[in-house]
Amino acid sequence: METTKNNDLKNNGLNNDLNNDLLGVCYYPEHWSVEKWLADVKIMKDLGLEWVRIGEFAWSRLERKRNDFNIKWLREILDLFHEKNMKVIFGTPTATPPKWLIDQHPDILSVDQWGQVRQFGSRRHYCFSSLRYREEVKRLLSFLLKEIGSHPAIKMWQTDNEYGCHDTTLSYSSDAKKGFRKWLKEKYREIHRLNEAWGNVFWSMEYHDFDEIELPNLTVTEANPAHQLDFQRFSSDQVISFNKIQVDLIREHQSEAKITHNFMGFSFDFNHFKICKDLSLASWDSYPLGYLQNFVEDAKHKKKYLRKGEPDFQAFYHDLYRNLNGDFAIMEHQPGAVNWAKYNLSPTGKTLRLWVWEALAHGASFVNFFRFRQVPFGQEQMHEGLLFSNNEPNKSYHVVQEVAAEIKKVNLAKREHLAEVGIVFDYESHWIWKIQPQGENLNYFDLLFSWYQALRKKGINVDFIHPDFSNYRDHKLLIVSGLTRIDPRGLEVLNELACPVIIGPRTGNKTENFQIPPNLLLEELQSLLGIRIQGVETLPPEEEVSILREENAAFTRWREFIKVSEPETPNVPEASAVKISLKTFDDYPAFVEKGRFGYLAGIPNAALLEKILLKYLEKSNLTPLPLPDGVRLVKDKERSYFTNYGNKTQNLRHLLGSAKILLGSEEVSESEITIVETI
Ligand code: GAL
């Protein structure tokens, strides 16, 4: 079988052609007097910033009333950036429809799951399904493209801003209802098909016409999961088609335009793989301390990384977003304390430098800091920038200066990431876990993150693989965990490829229509693995299912009762025989192997995950590296980057051998980085 299956993978080669133009900033000219602009651009240039993103919230200044446009200021600032040779990313200002527009068409507003209209007064208040809003977006964007579309300063477009932020992917408006009914009609064509697919005979939920179908909110108890899943799919498709309107208009104007969207961490409500088919590259907004505060629950862990951020979160998203379509960038990077987390700590300058290098090490085409200057008014007045609002430099200013100089020293052209292991990631599986978790604390992200973290601690680099496996290259090991719904193409590839694969738990246990297959496992997987699943149970946090004769190893939260369906017989060749390698204390198979596949029948705790991973790394001829505590390693074809998130200086001599040091030293102290020629 051919090993390169990445036909869809568009490598824009951004990080190769742009050489060392790697730093930039987000700037809001509309917040500052024109007199400040020239001096601001000079500061940016002196700092070594090459990119600047503008525009994404400026609608009210670009169109004061319907068709009363004011584009003069925008031209002036674009000219200024062009004169100074800075590359502009223009963000289309559609995340903030202005008041006059909402007053004329209040039906643009989105509606939350409780049926309340989400009012004007902040941002992202529009509903993706509003056809009216789509027309308004076309009108504004067509005008902007005509006026500034060919401006030589603009090197990239960003559509809107952070789709889904503030829980805005799903809207329960009447436009959404109309759109959903149409979407269902196109999908099922006849109502009896939908009734069957959703299993509507259950609780007498059968419909006679698509126009009877409501949105799955405000029901007495949980709505039909298949109904919810289709609504989630529809809502995701609405984001994608809304985005496509903008992409098509921009491309009509400039067929070669580079177009991105700025994604977020912990944002799974729409399918990022699908939307990226329309974009040139992915970008994302990285706020390591904010994410630590809002998403880490373990108090000890949180305290340990209070001012550094979780050492593997950012890396997880760098790897995920790089794999959406081949290139990625950091559109916004935390520069100091933010305003929106549970607690807003201030990173040290050293830490900020570490984060920037982490992003570059993962192949980021550029890193933009959010924002240039702290703004003294509005919701984000407490959010720091490179400059304080009185124009004095904040500590991040000095970091940018330092990193800009280092980038010149370590030539970063040609960063081709090297990953040996693939983890399959699927947005639909995430939705299925969320819709019917079957217990508290069950979360698809957590499961994948535990694999990712264990690999990263061993110095093994990871790619995230599309659910249809289309970007599978010659990875030496694949992890297919929690993939409740398997794409049929994914199943085919799984059969064909040659590397070892760890499958399960909770993999292939739902059909396309959110039903359970016979034996709780897709037929194809039953024969591939030689097992059946007879039942599952979920566990409270204080309960574990221990593994027989393996100290500390156990299942937590979720376990499956497996039966081997192909008993070992003398006629079955050794390589394809089913083998029970681990059992639970109550004598059920816990880990079953057949040929190159291993199936894990529960969510592993750290000790069990470690045991299985080590076995499969060996099977894949991969050597885990003895990285000191807190140290992580990222590799590209030319360089190895060691980062230290721990609080002790660590010596890397045993890992570096004779590799030439490009930055830092063999001793890597807290929050430091050492770059060497690849080891
Ligand atoms: C991002 C957003 C920015 C700004 C920033 C503050 O989520 O895109 O506009 O709000 O957060 O940290």
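For the residues H151, H192, a 1.4 Å probe over the protein chains yields an accessible-area ranking, largest first, of H192, H151.
For the chain, the relative contact order works out to 12 percent when only alpha carbon pairs closer than 8 Å and six or more residues apart are counted. Evaluate E = 1/(1 + (r/R0)^6) for A299 and Q438, where r is the Cβ-Cβ distance and R0 equals 25 Å; express this FRET efficiency to the nearest 0.05. Efficiency, from the Cβ-Cβ distance: 0.40. Shown are E310, E256, whose ranking by accessible area with a 1.4 Å probe and every protein chain present, most to least, is E256, E310. Within the straight-line cut-off of under 12 Å between alpha carbons, the aspartates and glutamates reachable from K408 are D21, sequence neighbours fewer than 8 places apart in one chain being disregarded. Computed on the stretch 155-276, the Cα convex hull volume stands at 128 Å³ per residue. The stretch 369-394 and the stretch 119-175 have Cα centres lying 25 Å from one another.
Please report, as a whole percent, how much of the solvent-accessible surface of the stretch 141-245 comes from carbon and sulfur atoms (probe radius 1.4 Å).
Solvent-exposed carbon and sulfur of the stretch 141-245 make up 52 percent of the total.
When the charge dipole of the chain is built from unit charges on Cβ atoms (+1 for Lys and Arg, -1 for Asp and Glu) and taken about the Cα centre, the candidate among I240, T94, L491 whose Cα reaches farthest toward its positive end is T94. Would you please state the base-10 log of I(q)/I(0) at q = 0.10, 0.17, 0.20 1/Å for the stretch 328-470, with intensities from the Debye formula using one equal scatterer on every alpha carbon? Rounded to two decimals, the profile gives -0.51, -1.09, -1.19. Net charge dipole, the chain: roughly 1480 debye, given to the nearest 20, about the Cα centre with Cβ charges of +1 for Lys and Arg and -1 for Asp and Glu. The convex hull defined by the C-alpha atoms of the stretch 218-333 has an orientation-averaged projected area of 9.6 nm². The Kirkwood hydrodynamic radius of the chain, based on inverse pair distances between different Cα atoms, is 26.7 Å. With all protein chains in place and a 1.4 Å probe, the accessible surface of the stretch 534-679 carries 48 percent carbon and sulfur.
Counting only the backbone N, which residues of the stretch 551-566 are under 19 Å from the spot 7 Å out from the Cα of E542 toward its beta-carbon? Inside the label zone: 555-558.
Extension gain, E566 to K45: 0.36 nm times the residue separation minus the Cα-Cα distance gives 180.8 nm. The lysines whose alpha-carbon is closer than 27 Å to the alpha-carbon of K304, local same-chain residues fewer than 8 away aside, are K342, K350, K395, K457, K458, K611, K635, K648.
The calculated FRET efficiency for the pair R64 and M382, based on their C-beta separation and a Förster distance of 30 Å, comes to about 0.55.
Here the calculated FRET efficiency for E222 and F266, from their Cβ-Cβ distance with R0 = 22 Å, stands at 0.40, rounded to the nearest 0.05. Based on protein heavy atoms only, the stretch 503-545 ends up with 46 Å² per residue of surface accessible to a 1.4 Å probe.
Note on S658 and R473: the model spin-label points, each 7 Å out from Cα along the C-beta direction, lie 2.8 nm apart. Full extension of the chain segment joining S174 with W32 gains 47.2 nm, where the gain is 0.36 nm per residue of separation less the Cα-Cα distance.
Ranked by accessible surface with a 1.4 Å probe, highest first, in what order do M382, M205, M86 come?
Of M382, M205, M86, the descending order of accessible area is M382, M205, M86.
For the stretch 327-436, the solvent-accessible area of protein heavy atoms averages 33 Å² per residue (probe radius 1.4 Å; ligands and nucleic acids excluded). Overall, the accessible surface of the stretch 373-511 at a probe of 1.4 angstrom is composed of carbon and sulfur to the extent of 48 percent. Simple spin-label estimate for K409 and H166 gives 4.3 nm between the two label positions (7 Å along the Cα-to-Cβ direction from each Cα). With both labels modelled 7 Å from their Cα along Cα-to-Cβ, the E512 to L306 distance reads 5.3 nm.
One chain, two ends: E496 and T623. Fully extended at 0.36 nm per residue, the span grows by 43.2 nm beyond their Cα-Cα distance. Normalised by residue count, the stretch 443-554 yields a Cα convex hull volume of 145 Å³ per residue.
Per-residue SASA remark: V367, around 0 Å² accessible (1.4 Å probe; ligands, DNA and RNA not included). Centre-to-centre separation between the Cα atoms of the stretch 409-451 and those of the stretch 19-95: 34 Å. Considering only G535, F514, P589, the residue lying farthest towards the positive end of the dipole of the stretch 505-604 is F514, judged by Cα position with unit charges set on Cβ. Each residue was assigned an accessible area with a 1.4 Å probe, and for I661 the value is about 70 Å². Translational D (Stokes-Einstein, µm²/s) of the stretch 519-650 at 10 °C and 1.306 mPa s when Rh comes from the Kirkwood sum over C-alpha pairs? It comes out at roughly 93 µm²/s.
Using a simple charge model, +1 on the beta-carbon of Lys and Arg, -1 on the beta-carbon of Asp and Glu, nothing else, what dipole does the stretch 377-467 show about its Cα centre, in debye to the nearest 20?
Numbers: 9 positive and 12 negative charges, 85 e Å.
Here the size comes out at about 400 debye.
In the chain, the DSSP beta bridges split such that about 50 percent are antiparallel, to the nearest 5.
The values are calculated or read from the model by the stated rules, or taken from the named source; none is laboratory data. Small disclaimer: the values here were computed from a predicted structure and weren't measured. Please note: Cβ atoms are built from the backbone with ideal geometry, for glycine as well, and neighbour counts cover all protein chains shown. For the accessible areas, the whole protein counts, side chains as well, though only heavy atoms, and no ligand, DNA or RNA atoms are used. Shrake-Rupley method; radii C 1.70, N 1.55, O 1.52, S 1.80 Å.
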